[in-house]
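S.K.: Structure below; questions to follow.
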Amino acid sequence: MAGLAFSQTTKSFSGGVPAFVRSLYDSYDTYEVKQITSRRLKHDEMMGILARLKDAMPAVLAMKQLGVSDEGRSINLLTLGNGKKKIFMWSQMHGDEPTATMGLIDALSYISKHRESPEIKKILSETTLLIIPMLNPDGAERFQRRSVYGIDINRDAKRLQTNEAKILKAARDSLSPEFGFNLHDQEPRYTVGMSGKVATIALLAPAMNYEKTDNPVRLRAKKVAAELADIFSPYIAGHISRYDDSYEPRAFGDKIQTWGTSTVLIESGGWKDDPEKMYIRKLNCVALLGIWYSIATDSYEKADIAHYESLPENKQNLYDIIIRGVTLKYSGALAPVIVDIGINVEESVSADSVVHRTGRIVDIGDLSTSQTFETIDGSGKYLDGNLVGMEKRVDVEALRTAMKNVSE
Ligand SMILES: [Zn+2]
């Protein structure tokens, strides 16, 4: 297939990981937590679900409160298994990035139903899973990136002013895990390099210094990232990118790598017709269980680092909708012009908690090098130029209806 990243067509892993991942993917319906239907997941709802999962497997899942957020919501550590390889992960450090939290909850649900399966027994005997779900519950409450103070917790790894950052740092230091997963959502309009394909998952083994040198800790993280690329690849081939690896000394991923935990950032991006990211949530669940099993069996050690390093970088080159080649006509002195119109769909929430999606015009002109989730063909058609303007909020269906044939 043209534009398919070359490294994503081959798989290197062994040890039964692909078969396990496939069965997780195919049977997802039987264990997903169906109560979660929206990515506006809040702390109360999550805590209710976690309490039920704990009751379903009291001997397997332990939950300990590590502290509270700046606004007083509990931040908890979930522990499963008693193996010597410690795998530490934290999700939703940014409050409006819940995809991995949902995926983690599904993965716990799978474990609760399949405790006696050989793969889960292996995970629980070889690894200890250490999970902080929803590190930023105050942000989640408001569906905003930042903490209640407006601080980006991922720029507070050095100064440690927020409770959330203090809790994460203290947990990392007291647990000293070998492996770390920093779980985020990214802008859903990134593409995989210039391929024109949306970046559904971006991976990163963060740098530890400005020179981006490797040491055994980062090399192990790159192996894990390569294994993850191979795990995701059968489902989203060509839709996997590499996140920008510039060193950021205030960020947790970079810091935690420096502190000796092999850390991989997983960013959940976009997928066509999936505004609630339910498909990407499924991919998170499947990949997390898959990589835990891979670490439990040491399969990841055989991964080819090139499968990570050759992933194209994220590029921002995508609009939700482009009306292509439409003529703008004006009643005054302005001559007609042919343009493409880039429109992104923005979300807002009304007082009754209903999510509204509205179009906003974000570019006008020659967008022939830009990609889109949806194309509206405007060739041979015209629009009243007064309906179009930068930053204008638009009803896309109304615009579609307003387009008339040029010959009329
Ligand atoms: Zn984030």
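S.K.: For segment 200-219, state whether one or more residues are farther than 20 Å from THR297 by Cβ, of a type in the set (S, T, N, Q), within 16 Å of the ligand (Cβ to nearest atom) and surrounded by fewer than 19 Cβ atoms within 10 Å (Cβ to Cβ).
M.R.: Within segment 200-219, none of the residues are farther than 20 Å from THR297 by Cβ, of a type in the set (S, T, N, Q), within 16 Å of the ligand (Cβ to nearest atom) and surrounded by fewer than 19 Cβ atoms within 10 Å (Cβ to Cβ).
S.K.: Restricting to segment 60-78, and then to whatever is in contact with a His (Cβ under 9 Å, 6 or more places away or on another chain) and assigned to a loop (DSSP other than H, G, I, E, B), can you tell me which residue is surrounded by the fewest Cβ atoms within 10 Å (Cβ to Cβ)?
M.R.: For segment 60-78, the residue satisfying everything is ARG73.
S.K.: Got at least one residue in segment 273-280 being open to solvent by 20 Å² or more (accessible area, probe 1.4 Å) and modelled with pLDDT of 95 or more?
M.R.: yes
S.K.: Among (1) touching a strand residue (DSSP E or B) at 6+ places or on another chain (Cβ under 8 Å); (2) crowded, with 21+ Cβ neighbours inside 10 Å, where does THR375 come up short?
M.R.: (2)
S.K.: Additional query: Please enumerate the residues belonging to segment 21-59 that are open to solvent by 30 Å² or more (accessible area, probe 1.4 Å) and part of a loop (DSSP other than H, G, I, E, B).
M.R.: Once the filter is applied, which keeps residues that are open to solvent by 30 Å² or more (accessible area, probe 1.4 Å) and part of a loop (DSSP other than H, G, I, E, B), segment 21-59 yields SER27, GLU32, LYS34, GLN35, THR37, SER38, ARG39, ARG40, LYS42, PRO58, ALA59.
S.K.: Would segment 74-94 turn up any residue that is touching a Lys or Arg at 6+ places or on another chain (Cβ under 8 Å), within 16 Å of the ligand (Cβ to nearest atom) and at pLDDT 95 or above?
M.R.: Yes, segment 74-94 contains a residue that is touching a Lys or Arg at 6+ places or on another chain (Cβ under 8 Å), within 16 Å of the ligand (Cβ to nearest atom) and at pLDDT 95 or above.
Residue-by-condition table, conditions (1) within 16 Å of the ligand (Cβ to nearest atom); (2) more than 30 Å from ASN344 (Cβ to Cβ):
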| site | (1), (2) |
| --- | --- |
| SER174 | no, yes |
| ARG189 | yes, no |
| LYS255 | yes, yes |
| ILE266 | yes, no |
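The values are calculated or read from the model by the stated rules, or taken from the named source; none is laboratory data. If you're wondering where the values come from, they're calculated on a predicted model, not measured in any experiment. Using ideal geometry, Cβ is built from the backbone for each residue, glycine included, and neighbour counts are taken over all protein chains shown. The accessibility values were calculated without ligands, DNA or RNA, using every heavy atom of the protein model including side chains. Shrake-Rupley method; radii C 1.70, N 1.55, O 1.52, S 1.80 Å.
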